[in-house]
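J.: Before anything else, here's the structure in question.
The values are calculated or read from the model by the stated rules, or taken from the named source; none is laboratory data. Predicted, not measured: the structure shown is a model, and the values here were computed from it. Every residue, glycine as well, gets a Cβ built from its backbone with ideal geometry; the counts of neighbours run over all protein chains shown.
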Amino acid sequence: MMRTMKTLISATELMVQLKSARPPVLLDCSFDLADTETGRRAWLSAHLPGAFYLHLDDDLSGAKRGDNGRHPLPDRAAFAAKVGALGIGTRTPVVAYDSQGGPYAARAWWLLGWLGHEDVAVLDGGTATWREASGAVDTHPPPMPTGTAPYPAHAPALPTLDAAAVRAGLGRLNLIDARAGERFRGEVEPLDRAPGHIPGARNRFFKDNLAVDGRFKSAAALRDEWQPLLAAGDAVHYCGSGVTACHNVLALAHAGLGIGTLYPGSWSEWSSDPSRPQAKG
């Protein structure tokens with residue numbers, strides 16, 4: 001049976017946890033693909049008390065080769081060392097958040113689960129809900145912990161597929177694409193080599209997991225919306241670069257429907273090789 005992770009925490013719940021005997025380590029993952037330093041600047045201006053900043057390109061992704069996608073998974077040992085340097089051990093509670101509806105926090109949530117960490121959640125609604133709850137903020141970076149050690153990661157604890165496995169499984173895999181509909185259909189492609197999607201995939205835009213207030217929909221509502229997409233089997237999630245797909249993974253976990261499998265390379269990797277089949281519409 002697939003292991004489970006915690007999923008979401010509200011701002012009021014987080015306030016209580018921060019005053020507890022085991023306060024969580026906070027990770028600010030805010031990011032903007034159009035201006036990659038926007039999140040860091042915002043964090044330097046104001047952030048949740050004691051929150052460390054994790055940059056999507058520098059901290060939550062690995063080295064790009066040109067054929068492995070825009071945000072390949074980080075080297076496991078390097079990520080374990082980074083997590084450990086923040087004082088995160090196997091029993092440390094962690095809460096990730098961002099200011100963009102949760103995709104970058106979900107990436108951190110998934111990566112920690114990939115290391116085997118279970119006590120990790122995403123702040124539902126992110127910084128907006130924290131401000132609405134009159135949560136305190138800091139304006140100075142927190143001191144780095146001392147005497148830390150790398151997180152004791154072993155074999156990957158969450159399933160992934162590479163491009164070869166996805167290609168071999170075409171027609172059998174239940175591929176779910178988290179990009180906006182116009183990108184999925186191939187009407188526009190602002191970021192990657194070619195427009196379109198992996199043949200046989202269906203579209204579930206990650207923002208459809210959110211209610212109008214920016215928080216995740218209820219578990220019951222997400223179950224109702226996701227169950228038809230799972231009739232063909234467990235989901236294989238992808239997006240443009242393996243980031244917003246983690247938002248769909250988080251939504252499934254919150255709905256109690258498992259998590260499925262991530263294709264980290266996603267469309268940016270798939271479309272880098274013109275010999276791989278592509279579809280539009």
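J.: Mind checking which residues of the range 198-216 are without any contact (Cβ under 8 Å) to a residue 24 or more places away in the chain and either over 30 Å from residue 162 (Cβ atoms) or more than 20 Å from the chain's Cα centre (by Cα) (or both)?
T.: Passing the criteria: 211, 212.
J.: Shifting gears a bit: Please state which one of 168, 220, 194, 245 is at pLDDT 95 or above, farther than 21 Å from residue 67 by Cα and among the small types (Gly, Ala, Ser).
T.: 220
J.: Within the range 179-187, is even one residue under 21 Å from the mean Cα position of the chain (by Cα), part of a helix (DSSP H, G or I) and among the basic types (Lys, Arg)?
T.: Looking through the range 179-187, at least one residue is under 21 Å from the mean Cα position of the chain (by Cα), part of a helix (DSSP H, G or I) and among the basic types (Lys, Arg).
J.: Do any strands (runs of 3 or more DSSP E) entirely within the range 69-178 hold 3 or more residues that are within 19 Å of residue 31 (Cβ to Cβ), and if so, which?
T.: 94-97, 120-123
J.: If the requirement is being of a type in the set (D, E, K, R) and either in the same structural domain as residue 247 (by TED's automatic domain parsing) or out of contact with any helix residue (DSSP H, G or I) (no Cβ under 8 Å at 6 or more places or on another chain) (or both), which of these qualifies: 41, 70, 76?
T.: 41
J.: State yes or no: is residue 50 over 21 Å from residue 157 (Cα atoms), at pLDDT 95 or above and buried (at least 24 other Cβ atoms within 10 Å of the Cβ)? Spell out the reasoning first.
T.: Values: over 21 Å from residue 157 (Cα atoms): yes; at pLDDT 95 or above: yes; buried (at least 24 other Cβ atoms within 10 Å of the Cβ): no.
Judged against the criteria, residue 50 is not a match.
J.: Would a scan of the range 26-41 turn up a residue that is in a helix (DSSP H, G or I) and surrounded by fewer than 16 Cβ atoms within 10 Å (Cβ to Cβ)?
T.: Yes, that holds for at least one residue.
J.: Could you identify the single residue in 178, 121 that is surrounded by 15 or more Cβ atoms within 10 Å (Cβ to Cβ) and in the same structural domain as residue 43 (by TED's automatic domain parsing)?
T.: On the way: 178 fails: in the same structural domain as residue 43 (by TED's automatic domain parsing).
Result: 121 is the single residue among 178, 121 that is surrounded by 15 or more Cβ atoms within 10 Å (Cβ to Cβ) and in the same structural domain as residue 43 (by TED's automatic domain parsing).
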